[in-house]
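The values are calculated or read from the model by the stated rules, or taken from the named source; none is laboratory data. Worth saying up front: this structure is predicted, and the values here are computed from it rather than measured. Cβ sites come from the backbone with ideal geometry, for glycine too, and all protein chains shown count toward neighbours. Ligands, DNA and RNA are stripped out before the accessible areas are found, and what is left, the full protein with its side chains, is counted by its heavy atoms. Shrake-Rupley method; radii C 1.70, N 1.55, O 1.52, S 1.80 Å.
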Amino acid sequence: QVSAALKEGHVTPTELCQRCLSLVKSTKFLNAYITVAEETALKQAEESEKRYKRGQPLGALDGIPVAVKDNFNTAGIETTCASNMLKGYISPYNATVVQKLLDQGAVLLGKTNLDEFAMGSGSTDGVFGPVRNPWSYSRQYKEKSFPKSHSEDKEPNWVITGGSSGGSAAAVSSFTCFAALGSDTGGSTRNPAAHCGVVGLKPTYGLISRHGLIPLVNSMDVPGILTRCVDDAALVLGSLAGHDPKDSTTIQDNFKPFELPSLTDVSKLSIGIPKEYHAPGLSSEILALWSKAADLFKNAGAKVVEVSLPHTRYSIVCYHVLCTAEVASNMARFDGLEYGHRSDMKESTESMYAATRREGFNDVVRGRILSGNYFLLKQNYEKYFIKAQKVRRLIADDFVKVFRSGIDVLLTPTTLSDAAPYMEFIKEDNRTRSAQDDILTQAANMAGLPAINVPTALSERGLPVGLQFIGRSFQEKQLLTVAKWFEQQVQFPTIQLEEVKGHDHGVFHHQKSASFS
């Protein structure tokens, strides 16, 4: 819709950019952005405007405001990973995905907040403070969570965004941008998408370049896409996917962007319901929603089959071993010598190393480095790391078997419950929380499969709840087509953000998709 409005001249890229920047300022209390690149964004919008005037826009993304998680390198704009270790670091180059967005004419508004080095599931553990979920300030949440007797100006018991890409999810949810990049290692795009009521796509491993994404777990990291509707996610995917000579793990073939067909007949579809995803701690509300969604497909004529992924119950433990082992290896580069923070300790090189890492990393990062190095010790390597790799293969094989049996797409919950209030969330440590919150999402990363969160309904507290679709490897078109059909059936409501309703944002008054496709 916005892309069409730009083409038809109803709004100019500069006006659109200014409106988004004004919304970024008025929603500053959400803490969604670490850096706002106002000057750069306005320059990019001006360039876009010139192209539109010449009648030569670069494509559907030209002039569209986007945001990028602060663990993607951006030339000339600080990249911090929400850590003291990289405060003030300005990369000399753009990540491939960032460059591809800019090549399409997208306008980069800024860098979004996250858990430090993307380690967490709440976006509460970064050095710049926690991200607040826009739905905490929505009419829907206030009406259901606070009786009329409460005073109007009472500070709401605000809820978390999920993580680690919480800043990107909050930025899209609060209308400050139309699409945002996250990263997804164990669910870091889908989890906050579910809590913030937006679409969160984790593509197949190798479909999108990781070059310039500061690595957490090389064998699982994937750039994720956050948008307000499935069509938009497909459009952004079309701009980003394909081979990158700078990333040897990307596919060799050229990727053909696709437009999603509107499914009218789902009778040829076979939807798998994995029984192992009925996990301990799954709220009765989400369980009921999951059943209702399965019935929706069944009543529309699709074949709905209960399936088994027997090794799923070992996956979270396996994920913890592999994740920390790769983290320990990746974090070794932050030694205070080449870039980033360097301690003033001058007694010896070793003491400078130790002090730099103690000052630069928070407890969560240091804890994962410690665990990872333990698993990689010579005497533990076979027992933990190799065994976890074998279990990972079994988990991937479970998915292969299910898809070979004729299942097209798996339907599962994305999270165990709706978003937790911040004060409740921080009562438990990061590791416990991550283990609980990644339980339904990380298996797709271990198997390298595409998965998407689709916002489905509001909980009894007036907060978003999403469901996850997992597809066959490199079958994004099929996965997104099913997700789009489901999205059209559920008609997820628009967030009614009271804090920003005084702002003139006419472009945003379209129904919830505010789509640019």
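In the chain, taking the dipole from charged Cβ atoms about the Cα centre, the farthest positive-side position among GLY462, TRP485, PRO134 is held by TRP485. Were the residues from PHE29 through LYS268 laid out at 0.36 nm apart, the gain over their Cα-Cα distance would be 81.3 nm. Please give the FRET efficiency for LYS378 paired with THR349, using the beta carbon to beta carbon distance and R0 = 30 Å, rounded to the nearest 0.05. Result of the calculation: an efficiency of 0.80.
Per residue, the range 1-118 exposes 37 Å² of solvent-accessible protein surface, assessed with a 1.4 angstrom probe and all protein chains in place. Rolling a 1.4 Å probe over the protein heavy atoms gives the range 340-402 an accessible area of 64 Å² per residue.
If you take every residue apart from LYS50 with its C-beta less than 14 Å away from the C-beta of LYS50, what net charge results, scoring Lys and Arg +1 and Asp and Glu -1?
Neighbour charge sum, excluding LYS50 itself: 0.
Which entries of LYS268/LYS477; LYS7/LYS246; LYS7/LYS43 have Cα-Cα distances beyond 22 Å here? Going by Cα-Cα distance, LYS7/LYS246 fall outside the 22 Å limit.
Expressed per residue, the C-alpha convex hull volume of the range 1-131 stands at 105 Å³.
If you plug the beta carbon distance of LYS390 and ARG313 into 1/(1 + (r/R0)^6) with R0 = 25 Å, you get a FRET efficiency near 0.95.
Annotation for GLN475 and LEU337: the two label points, set 7 Å from Cα along the Cα-Cβ direction, are 4.8 nm apart. When the range 188-266 is described by a simple charge dipole with +1 on each Lys and Arg Cβ and -1 on each Asp and Glu Cβ, the residue from ALA234, ALA194, LEU207 located farthest towards its positive end is ALA194. Note on LEU370/ASP397: beta-carbon distance plugged into 1/(1 + (r/R0)^6) with R0 of 25 Å gives a FRET efficiency of 0.20. Note on the chain: the C-alpha convex hull projects to 24.1 nm² when averaged across all orientations.
Any idea what the dipole of the range 281-365 comes to, in debye rounded to 20, about its Cα centre with Lys/Arg Cβ at +1 and Asp/Glu Cβ at -1?
On the way: 9 positive and 11 negative charges, 89 e Å.
Result for the range 281-365 is approximately 420 debye, rounded to the nearest 20.
Considering the range 1-64, its Cα convex hull presents a mean projected area of 4.5 nm². Taking the Cα centre of the chain as origin and assigning +1 to Lys and Arg Cβ atoms and -1 to Asp and Glu Cβ atoms, the resulting dipole is close to 800 debye.
Total Lys pairs in the range 45-122 closer than 16 Å by alpha-carbon, pairs eight or more apart in sequence or interchain only?
Values: LYS69/LYS87; LYS69/LYS100; LYS69/LYS111; LYS87/LYS111.
Lysine pairs satisfying the spacing and distance rule in the range 45-122 number 4.
Available extension along the chain between GLU38 and GLU259 is 76.4 nm, counting 0.36 nm per residue and deducting the alpha carbon span.
Could you give the DSSP H helices of the chain that reach 24 angstrom or more along their long axis (alpha carbon positions) and whose average Kyte-Doolittle hydropathy is no lower than -1.0?
Numbers: long enough: 312-330 (27 Å, 0.48); 387-404 (26 Å, -0.31).
Qualifying helices, which must be both long enough and hydrophobic enough, are 312-330, 387-404.
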